[in-house]
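The values are calculated or read from the model by the stated rules, or taken from the named source; none is laboratory data. Just so we're clear, the structure is a prediction, and the values are computed from it rather than from any experiment. Using ideal geometry, Cβ is built from the backbone for each residue, glycine included, and neighbour counts are taken over all protein chains shown.
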Amino acid sequence: MTPDALRRLAFGFREARAVFAGVELGVFEALGDGARSSAELAAELDLDERGTAILLDALAALGVLARNGERYEIRLELQPMLVPGHVEYAGNLFLHDLWHWTSWGRLDAAVREGAAWTRRSGDPHLGNPAILRRFLPNYVQAMEQSEGGASAKLARRLAELAPRRVLDLGGGSGALLLDLLERLPDARGTLVDHAFSLERARALAERSSARERLARVELDFEKAEIPGGHDLIVISRVLMGMAPERAGALVRRAAAALPEGGAIALHEFDAGTRVGALLSLDMLLNTGGAVHAPAQLEDWLATSGLVLESSRRLLGYTRVWIARKT
């Protein structure tokens, strides 16, 4: 890395915050209907006109907006990410990261203490009851928007195993499980998660040919018994949110719920990549977890009585492990 690259890295938080402000204030949603002047946007969104002009000029300088005279518009190639309703919309993901903004200002304390930062007093986002009511439903959609194409690739990989009954623990919106069931017309699936996730899963299932073969079960799978009778249990992007003791315990309990010959598929970020390393900080800060090292994941599988069949990269920064109960 060059000194200039380090400077850009260190000061990049300003650029991110400008984009987040555009989402938070409804600027991009408004501009999705067409170009506006700063005065028009300020009046429409109940913002200060001078502050609005400064933000729009910054977003134009960053290349997010285009300016034509006094009017601003979203650059054409970015509209799918910034305007609600598009398949590629990422606004929920941006809001999720924004709402952790103040937490990241406490990263030093999380590193000193080795634990999540949970003191929310004075936090303008996670101390705000209105945002907290939106947080979990927004989180489910943010996780959809952050999957980076992993669901389709993982579904293809799991379809090779030809399971008949699949259990997805913490599968969120159910997008992965629905994709897998659509590839396996004779298979049935059970999605286990909290109510806020299952509501989104219900909406997605209505548009799927596999909707009649998907069961949605509200369950705290860390405390309640894991449903049996499944020959494949999927745990995708779940363990990183847990400290090692919790993560290892979940793998052991899932293995115990498998019949002989059944398999577990773990899909996790690779701790050795840039994305994985930054997510480890995020998990430490917000949940007390971490992106666990491959050797640790494989040890949990082995000590749960499972035999590792394969470990392969899925995306540039994630891996999938398949282990079977013999």
Original post:
Taking the range 286-300 on its own, how many of its residues are outside any loop (DSSP other than H, G, I, E, B) and surrounded by fewer than 22 Cβ atoms within 10 Å (Cβ to Cβ)?
Top reply: 6
Original post:
In the range 85-118, what residues are outside the structural domain of P137 (by TED's automatic domain parsing) and exposed (fewer than 12 other Cβ atoms within 10 Å of the Cβ)?
Top reply: G85, V87, E88
Subject >> Hits in the range 8-44 - residues which are within 29 Å of the chain's Cα centre (by Cα), assigned to a helix (DSSP H, G or I) and charged (D, E, K, R) >> reply: R8, R14, E15, R17, E24, E29
**OP:** Return yes when M283 is more than 18 Å from A142 (Cα to Cα), under 15 Å from the mean Cα position of the chain (by Cα) and surrounded by 14 or more Cβ atoms within 10 Å (Cβ to Cβ) and no when it is not.
**Re:** no
Original post:
Restricting the search to the range 45-77, which residues are crowded, with 17+ Cβ neighbours inside 10 Å and part of a helix (DSSP H, G or I)?
Top reply: T52, A53, L55, L56, A58, L59
Subject >> Unique match (being more than 22 Å from A257 (Cα to Cα), of a type in the set (D, E), out of contact with any His (no Cβ under 7 Å at 6 or more places or on another chain) and in contact (Cβ under 8 Å) with a residue 24 or more places away in the chain) among E222, E147, E206, E212 >> reply: E147
Original post:
What is the residue count in the range 15-33 for residues that are closer than 11 Å to L98 by Cα, of a type in the set (A, V, I, L, M, F, W, C) and surrounded by 15 or more Cβ atoms within 10 Å (Cβ to Cβ)?
Top reply: 5
Original post:
Within the set of pairs 6+ apart or on separate chains, which have a first residue in the range 81-98 that is free of Cβ contacts under 8 Å to residues at least 12 places away in the same chain, a second that is among the charged types (D, E, K, R), and C-beta atoms under 7 Å apart?
Top reply: M81/E88
Original post:
If you scan the range 49-86, which residues turn out to be over 12 Å from A35 (Cβ atoms) and of a type in the set (V, I, T)?
Top reply: T52, I54, V64, V83
Original post:
Of all residues in the range 159-203 being of a type in the set (D, E, K, R) and touching a residue at least 60 places away in the same chain (Cβ under 8 Å), which is nearest to H230 (Cα to Cα)?
Top reply: R165
Original post:
Which of (1) of a type in the set (G, A, S); (2) at pLDDT 95 or above; (3) buried (at least 18 other Cβ atoms within 10 Å of the Cβ) does S310 not meet, given it meets every other one?
Top reply: (3)
**OP:** Test D168 against the stated conditions and say whether it is buried (at least 22 other Cβ atoms within 10 Å of the Cβ) and not in a helix (DSSP H, G or I).
**Re:** yes
Original post:
Does G12 meet the test of being among the small types (G, A, S), surrounded by fewer than 17 Cβ atoms within 10 Å (Cβ to Cβ) and farther than 25 Å from W99 by Cβ?
Top reply: no
Original post:
Which one is nearest to the chain's Cα centre (by Cα), of the residues in the range 216-269 that are assigned to a loop (DSSP other than H, G, I, E, B) and among the hydrophobic types (A, V, I, L, M, F, W, C)?
Top reply: V238
Original post:
When the range 171-215 is examined, which residues are found to be in contact with a strand residue (DSSP E or B) (Cβ under 6 Å, 6 or more places away or on another chain), charged (D, E, K, R) and part of a strand (DSSP E or B)?
Top reply: R188
**OP:** Could you run through the range 202-215 and say how many residues are under 20 Å from the mean Cα position of the chain (by Cα) and not charged (D, E, K, R)?
**Re:** 3
